[in-house]
Amino acid sequence: MSTPETRTAPTTQATASVAAILKESADRFPDEIAVVVGPQSTSYRQLWDETRAYAGALRLKGVTPGSKVAMLIPNVADFPRVYYAILALGAVAVPIHALLKQHEIEYVLQDSGSTMLVCAAPLLAEGAAGAGLAGVDVVTVLAPEHSELPFDRLEALAEAAEPIDTYVPRNPFDTATILYTSGTTGQPKGAEGSHFALIEQVNVLLMSTFKMSSGDKVLGALPLFHTFGQTCTMNTAFRAGATVVMVPKFDGDTALRVMIEQGCDVFMGVPTMYMALLDAATRTEERPDLRYAISGGAALPVAIIDRFREVYGAEIHEGYGLTETSPVACFNHVGVTPRPGTIGTAIWGVDVEIADSSVDDRIVLMPNGSIGELVIRGHNLMSGYLNRPDDTAKAIVDGWFRTGDLGTKDDDGYLTIVDRTKDMIIRNGYNVYPRQVEEVLAAHPDVTMAAVFGVPHELHGQEIEAAVVLRPGATVTPDELIHFVSDEIAAYKFPRVIHVVDALPLGPSGKILKRELVKQFASTEAPAPVHA
């Protein structure tokens with residue numbers, strides 16, 4: 001009698017599985033190191049064998065093709081073990097942000113229809129509470145062997161279970177993952193990623209976007225529950241047979257030390273990580289021998305790109321994408337001299353254009369040089385938002401995904417992000433794009449991070465303010481920063497008030513949460529502005 005993972009797929013139907021990424025590399029590079037976490041190294045053969053054992057255990061717990069299985073696991077080797085085990089069973093992986101609280105976890109579990117939560121023991125306080133509220137079974141990883149926790153240990157179940165032989169074939173357009181957007185407006189939405197979209201994303205990144213091969217070492221500091229770390233770091237590195245050096249909790253000093261000790265070739269990060277690495281470099285002369293670095297998640301100021309090149313001797317290649325686009329849509333392709341300040345050109349097989357943001361019911365493309373909304377179509381689009389046909393219909397119009405980001409496209413096909421449509425400030429009827437102002441602030445040597453936002457104002461409609469984090473020992477004052485910016489840009493654009501803060505509020509992907517800054521400072525009594 002055939003088992004589910006060995007059944008023969010219909011000959012008239014193509015099949016695919018994201019789990020093939022790990023399985024095939026285990027066949028081709030069995031003795032290469034797949035994952036490094038601290039002193040522990042795991043080869044591709046070992047990782048796939050452990051994944052097959054985990055899958056056997058999950059199958060005994062009732063996971064079948066199409067089941068939704070949530071996972072709450074940090075950047076450790078158990079993340080890929082559980083992720084690929086779920087996918088190998090033909091089930092759907094639902095990664096959850098590791099810092100969510102119990103009611104947020106309850107929401108994701110209920111909205112996704114997850115039947116089980118695989119939770120790392122250190123995260124059980126919130127994870128188990130959220131699962132309890134949602135009525136979802138919990139299985140643990142990383143719990144001590146003789147733990148008295150009232151949950152099954154996946155490690156123990158795997159020892160007793162029969163490993164699966166190979167992965168279950170799926171229709172290429174079956175859902176592989178449900179990734180929840182950060183919910184900047186309303187409740188988070190579950191973006192359904194198909195096996196085809198995720199596999200094709202990885203293949204395109206390796207063929208014509210990144211340069212990565214077996215033997216390379218990539219720092220895995222991006223959270224794997226997020227699309228950037230999950231697809232660009234883990235799936236892409238595993239497809240190439242490269243090594244992912246994981247950092248369970250990012251800070252600049254740790255990341256720099258690990259990259260030096262492990263000989264990392266490639267760094268991938270969001271802008272806040274680059275700022276942290278530049279800060280860490282002030283405390284040691286040692287540097288890793290990086291071939292290149294990759295940035296995404298939010299716009300990276302050109303001043304940071306220039307500083308990183310000077311300090312680390314490596315070029316940063318900036319790209320752009322979203323959870324809904326698997327994620328990469330355009331990129332400053334490795335091997336081509338990057339154009340700092342741009343997000344590069346569209347990746348192979350994907351169209352990125354500029355559309356009229358004022359037209360909702362159809363896509364009206366605009367000529368090169370116009371400012372409008374970035375729209376994307378291609379093999380990388382999500383299948384839709386889970387159980388939200390109206391939201392899907394608003395987001396995908398005429399086959400194009402509407403990003404909500406404003407940008408421009410030049411005659412060479414290079415795209416530049418101007419700002420989020422919702423972040424644009426209108427002062428006295430003039431459009432102000434915060435990113436332009438942030439670029440100027442970031443160029444000041446005392447500024448390590450900057451965010452520009454609009455607050456309600458009786459006379460001007462909105463007033464421009466900024467929050468900045470200064471380098472240790474900085475002496476610059478807010479008034480001096482205001483003068484610095486006002487010397488560089490038009491009078492209607494510069495911030496009238498600058499707040500010095502210890503840290504900026506960050507979302508799960510490292511983006512600065514400007515709505516939190518608006519909430520914090522809109523009701524405070526502003527200092528007297530330097531300029532009227």
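The values are calculated or read from the model by the stated rules, or taken from the named source; none is laboratory data. The shown structure was predicted, so the numbers you read here are calculated from the model rather than taken from an experiment. Ideal geometry is used to build each Cβ from the backbone, glycine not excepted, and the neighbour counts take in all protein chains shown.
Details
- Restricting the range 374-425 to residues that are surrounded by fewer than 19 Cβ atoms within 10 Å (Cβ to Cβ) and hydrophobic (A, V, I, L, M, F, W, C), the residue that is farthest from LEU179 (Cα to Cα) is MET424.
- Exactly one residue out of GLU324, GLU285, GLU315 is under 15 Å from the mean Cα position of the chain (by Cα), of a type outside the set (Gly, Ala, Ser) and assigned by TED's automatic domain parsing to the domain that holds HIS379: that is GLU324.
- Scan of the range 155-175 for residues that are under 30 Å from ASN387 (Cα atoms) and outside any loop (DSSP other than H, G, I, E, B), ordered by number: ARG170, THR175
- In the range 451-466 there is at least one residue that is of a type in the set (A, V, I, L, M, F, W, C), assigned to a strand (DSSP E or B) and closer than 23 Å to THR282 by Cβ.
- Sole exception among (1) buried (at least 24 other Cβ atoms within 10 Å of the Cβ); (2) within 24 Å of LEU219 (Cβ to Cβ) for ASP78, by number: (1)
- Complete set of residues in the range 340-349 that are over 19 Å from the mean Cα position of the chain (by Cα) and modelled with pLDDT of 95 or more: THR345, TRP348, GLY349
- Some residue of the range 426-436 being out of contact with any helix residue (DSSP H, G or I) (no Cβ under 9 Å at 6 or more places or on another chain), buried (at least 19 other Cβ atoms within 10 Å of the Cβ) and either within 26 Å of THR282 (Cα to Cα) or not assigned by TED's automatic domain parsing to the domain that holds VAL336 (or both): yes
- Among the residues listed as TYR414, TYR433, the single one being over 30 Å from LEU100 (Cβ atoms), among the hydroxyl-bearing types (Ser, Thr, Tyr) and touching a Gly at 6+ places or on another chain (Cβ under 7 Å): TYR414
- Only residues that are touching an Asp or Glu at 6+ places or on another chain (Cβ under 8 Å), modelled with pLDDT of 95 or more and assigned to a loop (DSSP other than H, G, I, E, B) were counted in the range 351-404, giving 14.
- All positions within the range 249-278 that are modelled with pLDDT under 95 and either among the polar types (S, T, N, Q) or surrounded by fewer than 18 Cβ atoms within 10 Å (Cβ to Cβ) (or both): LYS249, ASP251, THR272
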